[in-house]
1. Each label point is 7 Å from the Cα along the Cα-to-Cβ direction; what then is the distance between the points at Phe337 and Leu144, in nm?
2. Just order 257-263, 65-71 by mean Cβ neighbour count inside 10 Å, highest at the front, would you?
3. For the chain, compute Rh as the Kirkwood radius over C-alpha pairs and then the Stokes-Einstein diffusion coefficient at 10 °C and 1.306 mPa s; write the answer in µm²/s, rounded to an integer.
4. Along Cα→Cβ, 7 Å out, is where each label goes; now give me the distance between the ones at Lys260 and Asn112 in nm to one decimal.
5. Taking +1 at the Cβ of each Lys and Arg and -1 at the Cβ of each Asp and Glu, which of Gly468, Thr235, Ile299 sits farthest along the dipole of the chain towards its positive end, judged by Cα position relative to the Cα centre?
6. Quick one: net charge of Ser173's neighbours, Cβ under 13 Å, K/R +1, D/E -1?
7. Describe numerically, in nm with one decimal, the distance between label points set 7 Å from Cα along Cα→Cβ at Lys55 and at Leu328.
8. Against the longest alpha carbon principal axis of the chain, how many degrees, from 0 to 90 and to the nearest 10, is the axis of helix 33-43 turned?
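All of the numbers you see were taken from the coordinates with simple rules; none came from a lab. In this text the structure is predicted, and so the values were computed from the model without any measurement. Cβ placement follows ideal geometry from the backbone for every residue including glycine, while neighbour counts extend to all protein chains displayed.
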Amino acid sequence: MLNSYRLRIFLLPALLVGFGMSIQAQQHYYMTAAQARDYALNHVTELKNLKIDRKIQDAQNHEITGQALPQLTGTVSTQHFFTIPVTLLPDFISPAVYGVLEKEGVQDGSGNPISMPNEPTQFFPAQFGVPWQSSAGFAFQQLLFQPDVFVGLQARSTALKYADLNVKAMEDSVKSNVLRAYYGVLIAEKRQIFLEEGLTRLAKLHTDQEKLFKAGFAEKLDIDKTQVSLNNLQTTKTQLDNLIYIGYASLKYALGLTQKDTLTLTDTLSADVVKRDLLDGSDFKYEDRNEIQLLNTAIELQKLDVKRYKLSYIPTIAAYWNFSYNALRKDPNFLNFKEPWYQTSVAGINMNIPIFDGLQKHYRVKQAQYRLEKTTNSKENLEKVIDFQREASVNILRNSLSTLDVQERNMQLAERVFNTTKKKYEQGLGSSFEILQADQDFQTAQSNYFQALYDAVTAKIGYYRSLGKL
């Protein structure tokens, strides 16, 4: 029966998840492991979206830059007053009249001098303006200082770097998944070849036993035992065939291919390939890991965030210039340019000075500082995790390679035992039980070898990823 490693080969994240229907034409791909890895980096949806996020960040950077550039807006307006607004004017006529009368010494009928009565100042309503008014002009504004904009300008390159590192961190995960899936299918296909050879051996043994039985030199029990082994091995092969089919489907999904496409793996895998080009990792630095670089960049951005909130106590300053032409009409004949348009122009500087906002800015600074502290803690913890991963991956790789050597020798030994037992059986010096047992031991040795081969290649992938060299 299949060992558990054959199941783990195919249980990738995304296994049997959303194998969507495709309307694209079927294509055939021939890929090495390196080609599969590179293909996935350009076609996996998660990476595509992260690259789009990078473009979004670039667009946001240009938006922030635009806030610091001159702003020019045009305005056109027309309004009609159904009732012209009323303004109360003080009684400026009576003081003037009484002033003249007093100056000329005019007297009333009783001979008394006429003077200004001591009454409160009177007001009278007056309407000013015309019912139709229109204006056309433009407004120019140049931001001189605004904390969030200018900190945003400083953060542009760091934000792009953060987006790039997000892509790289995801690429590490994609590479690991693709390589594990690729080598998993490759090992299963190699195991399939050995199973087919085993089926051929048992089928020949079964045929030979039937001939010996007819000649009276074998028992029916021997034939039945061989048939049981043959049936079990055929069941194992059927299970492996199904798992290879699922493995290809999973690998296509991991690569970003459609399920209608066909894929042929062109790499070969052996113990020598796994042992080749091993890194010692002695020159490792935490910054070799994209996750550490990502957190370092996040810390830079959060420091700028703290700076932004601290600078919010500083006034915001902007210069402006407004220019317009205004038309005042009794009738809406604004296109009659024989009547005058009146020019207006004004320039100035605005300064908004924060005085008290209920300590909102103070607590925004606090929140930004706490977020920075959390990210710093996460970085320190990640360094500890990386230390553990490196130690564990080195030990696992060392043990896996040692186990691979042992299982390779065991498989070779089991093959020699089977061949010797087979010769003895053919010469009539051995029993059918011995040859079936030798064949079973040979199959077990093969299974253990492929288990060790898969463990070794995944251990190498894990080791390279722990060093940031995948």
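1. 3.7
2. Details: 257-263: 16.0, 65-71: 12.4.
Descending packing order for the listed peptides: 257-263, 65-71.
3. Working: Rh = 31.7 Å.
Rounded to a whole number, D works out at 50 µm²/s.
4. 11.2
5. Working it through, the farthest residue towards the positive pole turns out to be Thr235.
6. Details: positive: Arg37, Lys168, Lys175, Arg180, Arg289, Arg465; negative: Glu46, Glu171, Asp172, Glu291.
Once all neighbours under 13 Å are counted, the net charge is +2.
7. If labels sit at Lys55 and Leu328, their model points lie 5.5 nm apart.
8. 30
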